[in-house]
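The values are calculated or read from the model by the stated rules, or taken from the named source; none is laboratory data. Being a predicted model, the structure only gives us computed values, none of them experimental. All Cβ positions, even for glycine, are placed from backbone atoms using ideal geometry, and neighbour counts span all protein chains on display.
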Amino acid sequence: MRITDTRTGESVDASTARRGLTRVEVHAPGLDATTLRVLLVADVLVRALELGGTPVWALMSGDRDRAELRTACAALGVRPLEDRRDTGAAPAGARVIHVAQEGGTTSDGIWIGVAPVDPGPVLLGQGVVGGVNPDVLRLALLAPRRSTPVRLDDTSLDEARAGLAHWRRAVAAWARRPSRPVPDELREQLRGAWEDDLDIASVLRVLGRVESEPELPDGARFETYAYADRLLGLELTRDLGAAA
């Protein structure tokens, strides 16, 4: 897997060697919409590395709103993160990747900058994302390229809500058909997208083609979406067993 270092613009390997340890450090200075996006980008990075067989040590650094951030992580489906204050330096030979808001700097490792989020009408606080389903928020923040600023307005949230509901209905319907393996070509396209600078937009485009391909068995559509969801974390199979 290769990732772009924001400081240099160069594409670099996300691990030092096959199955070599990668430490991912998430910089979370406080609870706001941009920090939530940083956490989500780090989460899919960890998932992508693990899907490729790379062991990952994931940490969160920051001194404010720690309890609220952990509540937000749980709601948004972010994998548990260790506290940076309780850990030492990365082991010798490990790759170190920092994920943070744009404009930050660090003296070591790779830096992945994440563009800001205008929260619009979304209120962050006790309920994490007041009035917005966490899965909808996850999709709305992950779908655009991480270098593109995001505004969480009614249009973007409605689009994410409708898209997620559509996919879940489709996956539930496909699950009622005989299972078929993920075609090798589609597996390669999905992995090629997320291993090329964590290109989530391209992953979603592949899924769009999977849905519309007339010759693909429904059982293969189901398995392909379930496979991609190991990266996306959108619970696309949540409605399995629901009434037709």
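So the values come out like this:
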item: Test: Thr22 is surrounded by fewer than 18 Cβ atoms within 10 Å (Cβ to Cβ) and of a type in the set (Val, Ile, Thr); result: no
item: Residues satisfying the stated conditions in region 48-63, i.e. touching a residue at least 40 places away in the same chain (Cβ under 8 Å) and either surrounded by 19 or more Cβ atoms within 10 Å (Cβ to Cβ) or closer than 19 Å to Gly93 by Cα (or both); result: Ala48, Leu49, Gly52, Thr54
item: Residue selected from region 154-179 under the condition without any contact (Cβ under 8 Å) to a residue 60 or more places away in the chain and in contact with an Asp or Glu (Cβ under 8 Å, 6 or more places away or on another chain), by the criterion nearest to Arg221 (Cα to Cα); result: Trp174
item: Tabulated pairs, region 216-244, first of a type in the set (Val, Ile, Thr), second at pLDDT 95 or above, C-beta under 7 angstrom, 6+ apart or interchain; result: Thr224/Val182; Thr224/Leu186; Thr224/Val210; Thr237/Val171; Thr237/Ala226; Thr237/Asp229
item: Residue identified as touching an Asp or Glu at 6+ places or on another chain (Cβ under 8 Å) and within 30 Å of Ser11 (Cα to Cα) among Gly192, Gly233, Gly208; result: Gly233
item: Count - residues of region 134-150 that are surrounded by 15 or more Cβ atoms within 10 Å (Cβ to Cβ), not in a helix (DSSP H, G or I) and not small (Gly, Ala, Ser); result: 3
item: Some residue of region 182-197 being within 22 Å of Met1 (Cβ to Cβ), among the basic types (Lys, Arg) and loosely packed, with under 14 Cβ neighbours inside 10 Å; result: no
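Let's see how each residue does on (1) modelled with pLDDT under 95; (2) outside any loop (DSSP other than H, G, I, E, B):
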residue: Thr6; (1), (2): yes, no
residue: Ser15; (1), (2): yes, no
residue: Pro29; (1), (2): yes, no
residue: Ala42; (1), (2): no, yes
residue: Gly53; (1), (2): yes, no
residue: Trp57; (1), (2): yes, yes
residue: Ala74; (1), (2): yes, yes
